[in-house]
Every structure is written in structure tokens, then in C-alpha cells.
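Structure record follows, encoded as C-alpha cells.
The values are calculated or read from the model by the stated rules, or taken from the named source; none is laboratory data. From a predicted model like this one, the values you see are computed outputs, not experimental measurements. Using ideal geometry, Cβ is built from the backbone for each residue, glycine included, and neighbour counts are taken over all protein chains shown. Quick note on the areas: whole protein, heavy atoms, side chains included, nothing else; ligands and nucleic acids left out. Shrake-Rupley method; radii C 1.70, N 1.55, O 1.52, S 1.80 Å.
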Amino acid sequence: MRKLLIFGEQAFTVVTLLIYSGAIFTLILSGGALQQEQVEYDSSSIRIIFSLIYAVTFLLLVLRWKKTLYILSKGLWFYPIFILAAVSIIWSAEPSTTLKNSFTLINSSLFGVYFASRYSLKQQFDLLAWVFGIIVILSFFFAIALPQYGIQSDAGKWRGVFTHKNGLGARMVTSTIVFLILGYQSKRHGWLFWCGVSLSILLLILAGSTASLVNLVILIFAFFAFQVWRWSYSIMIPTLIIMATISQILYFWLSNGADVVFTALGKDSTLTGRTDLWPLVMDMIWKRPWLGYGYGGFWQGWNGESAYIWLNAGWLAPHPHNGYLALCLDLGFLGLGVFLLGFWRTYLQALTWMRGSKTALDIWPLIHMTYIALASLTESALLESNSLNWILYVALSFSVRMTHETRIINAKKQVTA
């Protein structure tokens, strides 16, 4: 009976992670519609699914209330951004939307708390491998056997089990890194993980998501750079200086030859209209610079403040395509500052923790946070409710904090002994 309950809980976790990733369910409920065509077609079904997830997550946390209280006591740096998002209903341009979005942000974050409290970092990683294995296999199946779902009709690119090709591309970045780390440290079944790496990269290429491909190259470079951080100072410092010099040379080369690079990648220098959008977004940010328009209160189409951007941009942008600008619109520079302080604190803890460890798995928190920072340059991927990126960030932050404290306690015990 106990084994059956454990299996059921793990199955719930995998299915929930699949839903938060945006895979399968939204695409099926849309009937294969394009992302921009999905208007209230499945809102009630989606709300019911997420409500069930919230309820089960809350129940599981209550059943382990002592562990839950313990882990919540370690997340004090998270609470200011949640409080700010919730109280922003006071000045929100759309109070009802802010109330709903704050509710989903807190509830989806609780799943991150559950994920960290229930599973060790190794167990979290194993479950993620199952999630991305399912996504990879079904993406090939949908694209080949059900092209009306798996192929994006307006672009002719693969979207797999997602509603847009960029969704597939973004998830394949994380999938590649997960299988790369498993393949790098695995002594058994390594070939299976390297197959996962290869298939994930193939799907990313078939999706034609240039930004995701660039992010993946940077993350692979970062993975080996973080390995250098573990070396002795006499070797580490010169190596990092060399790597930093090479990075600067590449940066200046890319800056001066941006048009050539974008043309080679099949993109224009405006990043498909994003750079034309950003000055308009900044105009609106400066109208409410400190507190913003309330969490989720700005982007209300023609009925909200976003009408100014739609009118002047010449296209119906669903969001600013930049996580930092999106957070400024929602919660102003105050919200951005609060978020970045917490993010930087967690990043430094993860860096310290990684330096004192030896496994490739311990680099995962740093890699994921680096990915969030990179992805947020072209997508709204920071404070995003019901998002896999955010949930994993919450879970990893708590996991790093608890493991870091455990390591300090054990070190003190060894000194005392």
C-alpha cells in the first residue's frame, strides 16, 4: 500500500510538471489552434485543472505540516515579492486581474515549496528526466503522426506538444541540460541520456527557435565554466580570465557584426519586432515607474494601457517580450529591485554550494537560474505564475538554502568532534 501511495504521488508530480510546462493539455484543448487564436476556448477547463492541482498540493503540504513550516521558515527572502504582488491590487489598473494573478502566483509557488520539501535534489532531477522524456517522445509522435497538432501551420515549424514553436524550443533548452547533466555523471545507462540530449537538440532545431538555440549554446558554455569554479585558485583564476577575455572578444565581434549574424540565423536586427516594442514599453513604465500598474494589470489589450503599445507598434504583442520590462510594468522598479535582490542572494548561495561539491548535478541550480536570466531578455520569463521556470526556481532556491545550512551544521559538528 505504501509503495502504491508513493507511486501515485510521483505520478501526480510528473503530470503536474507536464501541465506547468505548458505541454500536451493546452494544445489538445485548443484543437491544434495557433497560440494567437486561443481566446477563452478552454479557460474553464484550464481553471478546473489548476484548481485541482492547487487543492492536492495544499493537502500534501498540510499532511507534512512540520516539514512545510520548516521549509517556509527558510524562504523569508521570497515573501516581499509575493506581498508586493498581492497588495498591488490597491493601485492596479485592473484590480480583478491582479487579484486572480496573485492567487495563481502564490498557489503555483506552493507547488515549488512542495517539490523542494518532498524530494531531494537528486529525486527532483530524476522526475524532471521523466517529464522531459515524455515531452520529447510525444513531440515526435505529434509532429509525425498528428501534424495538425505537432506542426505550426503558419510557420511550418515543429511545435511538438506545445501551442507555439518557441514553447517547444524553450523547453528543449531545459531538456537538453537535464539529459546533459545526467549523461555527464551517469555510470549506467549513459547512452540513454545522451540520446535524450541528441533528440532534444534535434527538436530545438526543427522548432526553428533561434533565441533558444543561442541560450543553449551559452548554457553549455556556462556548464563547463562552472566546473572551472571548483578548481584551485591558482588554476581557476587564470582560466576564468582567459574565458572572460574570449567572451569579451566575441561580444564586441557580435556587436559590430550584428546584422550579419542575424541574417545568418534567419532573423532581423529587431528580433522580430521586439526592439521596436521596448521603447514603447519604457514610455509606459516611466508613467508609473515605482509601483507599476499592478501585477498583471497592464496588458489588457485594447481595453487597457497596452492599447498605446498596440497602436504604435503595429502588431498585437501579448507581452513585452522581456521579463525585466514586464516586471517593471507590473510592480515598477521597486518590484524589479526586490526580485533581483532575492535572485542574486540565491545565486550566490548556489555558487558557494556548487564550489564545495563535486557532482555535475550540483551545478543544476546555477544553470537554471542563468537560463531564467537569459530567457528573460527576449521573453517574459521572470515572475510568471503557473510557469515551470518559476516553479523550478522556487524549488531550487529552497533546496539550495536547506542543503547549504545542512552542510554548515555538519561542518561545525566535525570541527567540534
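Taking each residue of segment 192-214 that is on the phi > 0 side of the Ramachandran plot and looking for partners that are open to solvent by 60 Å² or more (accessible area, probe 1.4 Å) with beta-carbon atoms closer than 7 Å, six or more apart or interchain, yields Gly208/Lys157. Taken over segment 91-108, the residue count meeting the criterion of being farther than 18 Å from Ile391 by Cα and either in contact with a strand residue (DSSP E or B) (Cβ under 7 Å, 6 or more places away or on another chain) or small (Gly, Ala, Ser) (or both) is 3. Looking across segment 185-200, the residues that are more than 21 Å from Ala381 (Cα to Cα) and crowded, with 18+ Cβ neighbours inside 10 Å come down to Phe193, Gly196, Val197, Leu199. Sub-6 Å Cβ pairs linking a first residue in segment 343-360 that is open to solvent by 60 Å² or more (accessible area, probe 1.4 Å) to a second residue that is assigned to a helix (DSSP H, G or I), at least 6 apart or interchain, are Thr359/Gln185, ordered by first then second residue. From the list Leu203, Leu216, Leu182, the one residue that fits, being open to solvent by less than 50 Å² (accessible area, probe 1.4 Å) and within 17 Å of the chain's Cα centre (by Cα), is Leu216. Residues in segment 273-286 that are in contact (Cβ under 8 Å) with a residue 12 or more places away in the chain and out of contact with any Pro (no Cβ under 6 Å at 6 or more places or on another chain): Gly273, Arg274, Asp276, Leu277, Trp278, Leu280, Met282, Asp283, Met284, Ile285. Within segment 313-338, being open to solvent by 70 Å² or more (accessible area, probe 1.4 Å) and modelled with pLDDT of 90 or more holds for one residue alone: Leu334.
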